[in-house]
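The values are calculated or read from the model by the stated rules, or taken from the named source; none is laboratory data. All values reported here derive from a predicted model rather than from experimental measurement. Note: ideal-geometry Cβ built from the backbone for every residue, glycine included; neighbour counts use all protein chains shown. For the accessible areas, the whole protein counts, side chains as well, though only heavy atoms, and no ligand, DNA or RNA atoms are used. Shrake-Rupley method; radii C 1.70, N 1.55, O 1.52, S 1.80 Å.
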Amino acid sequence: MMSWLRQNAKEAIAALALIVLFAGYMVVHPRGFSTYVVTIWSNQGALLGLAAIAQFFVVLVKGIDLSVGSIIALTNVVASFLLNGSPTSIALGMIAVLAVGVACGLVNGIAVVYGRVQPIVATLATGGIFGGIALLLRPTPGGSIDETMSDALTYAVADVPVSAMILVVVLVALMVFLRRSALGLGLYAVGSSEQSAYMTGLRVNRLKLIAYGSSGFIAALAGIYVSMVTLTGDPNIAPSYTLNSIGAIVLGGVALSGGVGNPIGAVIGALILKTISSLMFFSGLPPLAQPFFEGLILATAIALGALGVFRVRSRLELYR
């Protein structure tokens, strides 16, 4: 047990902080602890949690993705056209939405790997393109989503939010992939030391493309779930998800220098951010002051994550 805690100290501290914040949120919420309140909190946390996982995959291979929010917005808009009608058409529509997300991720990966463009520049540019396409497809929020499916994915079963179940299933699948497969371990190897990974025979470029493609896939899942929660397509949701996804992974112990962290930490960080936001809303803080404090918390979290890189005295420390 102590050995596990030492190896996962950052995630353990983040989980403890989440428990304390959640308890405070339940105390200040007018309705107190109830299935309804927990379900709403879980639904909102799942949206940011999926965005954080999407960001995690790119950061894992020492990149960063400023287009995560735009991919979520674009797939949300596409879903608003396709996720309605017969079960067959909804299933095909969902496959099409996921394919759009993967395509966006691969475009980012190709620009970084073969275009030799810095990730921050490449994804800033592609984010503008994805967001522009979303605006062209749906200039104002609208569309329709199958309400039966929305109810099934956003309510609770036996007092347990379905969104929490979905998040757990996604996390288990990803942890198995990352810890038990050669591809998953290869992603950690590339993020830890790209040169060492190359010298040991790993196909670094292919692994990076897999990371960016996986990021697009998870971002598309987030876009679909946004559609389930809001029942519409909204092209203007990108900015909040991009910045919050970066802050979430830092809070969850994922190193911006690459090769360190896991999706569970990213989700815990996302839940911390969402809980802080909800806590401020119900604590009586003036509404106009809330964006200031939310921005301050995000900036502090990202700055602390960046300090981890500046504190490194030898590049070998980055590769531990």
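For the reader, a short list of remarks on this structure follows.
- Hey, Leu98 in contact with a helix residue (DSSP H, G or I) (Cβ under 8 Å, 6 or more places away or on another chain), open to solvent by 20 Å² or more (accessible area, probe 1.4 Å) and within 28 Å of Thr232 (Cβ to Cβ) or not: yes
- Residue match in region 32-50 (condition: at pLDDT below 90 and touching a helix residue (DSSP H, G or I) at 6+ places or on another chain (Cβ under 8 Å)): yes
- Taken over region 149-178, residues that are open to solvent by 60 Å² or more (accessible area, probe 1.4 Å), touching a residue at least 12 places away in the same chain (Cβ under 8 Å) and farther than 27 Å from Ser86 by Cβ amount to 1.
- Scanning region 74-95 for residues that are within 23 Å of Ser215 (Cβ to Cβ), of a type in the set (Val, Ile, Thr) and open to solvent by less than 30 Å² (accessible area, probe 1.4 Å) gives Thr75, Val77, Val78.
- Matching residues in region 25-75 - criterion: being free of Cβ contacts under 8 Å to residues at least 24 places away in the same chain and within 16 Å of Ala270 (Cβ to Cβ): Ile40
- Residue count, region 227-245 (criterion: open to solvent by 10 Å² or more (accessible area, probe 1.4 Å), closer than 19 Å to Gly295 by Cα and outside any loop (DSSP other than H, G, I, E, B)): 7
- The criterion of at least 3 residues that are over 27 Å from Leu185 (Cα atoms) is met, among helices (runs of 4 or more DSSP H) falling completely within region 1-110, by 9-28, 35-60, 68-82.
- Only one of Ala164, Ala182 that is farther than 20 Å from Gly105 by Cα and touching a helix residue (DSSP H, G or I) at 6+ places or on another chain (Cβ under 9 Å): Ala164
Here's the yes/no breakdown for (1) outside any helix (DSSP H, G or I); (2) open to solvent by less than 10 Å² (accessible area, probe 1.4 Å); (3) at pLDDT 95 or above; (4) closer than 30 Å to Ala9 by Cα:
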position	(1), (2), (3), (4)
Val190	no, yes, no, yes
Gln195	no, no, no, yes
Ser215	no, yes, yes, yes
Ala222	no, yes, yes, yes
